[in-house]
Amino acid sequence: MRTLALLLVLAAPAYADLYRWVDADSGSVKFSNLPPADPRLGAELLPYRGAPKPAAASSSSLVALEMRWRALVVQRAARSPQDVARDRGVLRQELETGALVEHLRAR
């Protein structure tokens, strides 16, 4: 177990060279982590740019999402158990008859 933990701590991120060239026979673009055997093909070594960084969400979209979430929580809290049971029954009936599928297809 300690060996596994040590390996995880010391493990470096995976990195490999990427080569691109055009195959002379087929004309298709080839990619590989190894250069082609024929150096006349003119393989290009593609630079490693790292993992893409996720786009940061704007604060206004987060505020809007939080407001929508709070409204849904209030709406769900105001429903009675009878309303929930009735909605489940309607949904079950629509699923059994296929009416829900037809409704969604009509959209």
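The values are calculated or read from the model by the stated rules, or taken from the named source; none is laboratory data. Everything numeric in this text was worked out from a predicted model, so none of it was measured. Here the Cβ is made from the backbone with ideal geometry for all residues, glycine too, and neighbour counts use every protein chain on show.
What number of residues in the stretch 55-66 are part of a helix (DSSP H, G or I) and either modelled with pLDDT under 75 or loosely packed, with under 10 Cβ neighbours inside 10 Å (or both)? Quick ask: steps written out before the conclusion?
Restricting attention to the stretch 55-66, the residues satisfying the condition of being part of a helix (DSSP H, G or I) are 59-66.
From what's left, either modelled with pLDDT under 75 or loosely packed, with under 10 Cβ neighbours inside 10 Å (or both): 59-61.
So the count comes out to 3.
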Determine the pairs where a residue that is hydrophobic (A, V, I, L, M, F, W, C), located within the stretch 79-107, has a partner that is modelled with pLDDT of 75 or more and surrounded by 11 or more Cβ atoms within 10 Å (Cβ to Cβ) with Cβ atoms under 8 Å apart, the partner being 6 or more residues away or on another chain.
-> A99/Q93; L100/L91; L100/E94
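Within the stretch 75-91, identify whether any single residue is touching a helix residue (DSSP H, G or I) at 6+ places or on another chain (Cβ under 8 Å) and either more than 30 Å from R20 (Cβ to Cβ) or in a helix (DSSP H, G or I) (or both), and answer yes or no. If you could, list the steps in order and put the result at the bottom.
To start, the set of residues in the stretch 75-91 that are touching a helix residue (DSSP H, G or I) at 6+ places or on another chain (Cβ under 8 Å) comprises 91.
Subset that is either more than 30 Å from R20 (Cβ to Cβ) or in a helix (DSSP H, G or I) (or both): 91.
Among the residues of the stretch 75-91, at least one is touching a helix residue (DSSP H, G or I) at 6+ places or on another chain (Cβ under 8 Å) and either more than 30 Å from R20 (Cβ to Cβ) or in a helix (DSSP H, G or I) (or both), which makes the answer yes.
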Every residue from the stretch 90-107 that is surrounded by fewer than 10 Cβ atoms within 10 Å (Cβ to Cβ) and at pLDDT 80 or above | E96
